[in-house]
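Below is one structure, written out as structure tokens; the observations come after it.
The values are calculated or read from the model by the stated rules, or taken from the named source; none is laboratory data. Since we're looking at a predicted model, the values are computed, not measured. Quick reminder, even Gly has a Cβ in these numbers, built from the backbone with ideal geometry, and neighbours come from all protein chains shown. Areas reflect the complete protein model, heavy atoms only, side chains present, ligands, DNA and RNA absent. Shrake-Rupley method; radii C 1.70, N 1.55, O 1.52, S 1.80 Å.
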Amino acid sequence: MRISARADYAIRAALQLAASPDGGPLKAEAIADAQDIPHKFLEGILNDMRRGGLVLSQRGGNGGYRLARPAESISIADVIRTVDGPLVSVRGVRPPELSYTGPAESLLPLWIALRSNVREILEGVSLADVASAQLPARVSALTTTPDAWVNP
């Protein structure tokens with residue numbers, strides 16, 4: 001699975017909004033500077049997040065962006081789906097829409113299992129969890145084995 005730059009930037013921007021002390025609006029430029037995200041790219045991402053109902057925008061001198069819902073109710077999966085679409089696809093196709101024959105037939109249940117596990121983790125972690133550095137125990141446990149940190 002690959003996390004696109006777009007999804008990474010969207011999550012980081014959402015976390016910056018979640019960490020805003022008073023929940024007030026933050027300007028896109030301030031988010032871009034704080035997270036080292038190209039400003040123009042971030043503007044497009046924030047617009048997608050606004051259209052997707054994750055952030056609200058406010059114009060004016062005191063304007064900017066803020067989360068549309070409490071950070072506890074926005075999962076990492078919500079953010080990724082809003083800016084990139086389905087969490088897991090194969091050649092741009094969702095796994096249930098695929099079919100294989102012969103020795104490749106068992107690929108479909110493999111892709112479904114992968115999607116199920118990705119969903120379990122990304123839907124089970126909220127912006128508030130990450131912003132407060134309090135990942136759910138089941139997610140933290142996956143990082144405790146030494147090989148979790150090694151690239152094969």
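Looking only at segment 50-81, filter to residues that are in a helix (DSSP H, G or I) and either among the charged types (D, E, K, R) or out of contact with any helix residue (DSSP H, G or I) (no Cβ under 6 Å at 6 or more places or on another chain) (or both); which one of those is surrounded by the fewest Cβ atoms within 10 Å (Cβ to Cβ)? Selected residue: ARG51. State whether one or more residues within segment 62-70 are of a type in the set (A, V, I, L, M, F, W, C) and in contact with a Phe, Trp or Tyr (Cβ under 9 Å, 6 or more places away or on another chain). Scanning segment 62-70, I find no residue that is of a type in the set (A, V, I, L, M, F, W, C) and in contact with a Phe, Trp or Tyr (Cβ under 9 Å, 6 or more places away or on another chain), so the answer is no.
Exactly one residue out of SER106, SER89, SER116 is within 18 Å of ALA77 (Cα to Cα), hydroxyl-bearing (Ser, Thr, Tyr) and modelled with pLDDT of 90 or more, and it is SER116. Residue count for segment 32-49, restricted to those that are of a type outside the set (A, V, I, L, M) and assigned to a loop (DSSP other than H, G, I, E, B): 2. Of all residues in segment 82-102, those satisfying the criterion of being open to solvent by less than 40 Å² (accessible area, probe 1.4 Å) and assigned to a helix (DSSP H, G or I) are VAL83, PRO95.
The single condition among (1) surrounded by 12 or more Cβ atoms within 10 Å (Cβ to Cβ); (2) over 13 Å from the mean Cα position of the chain (by Cα); (3) in a loop (DSSP other than H, G, I, E, B) that ARG115 does not satisfy is (3).
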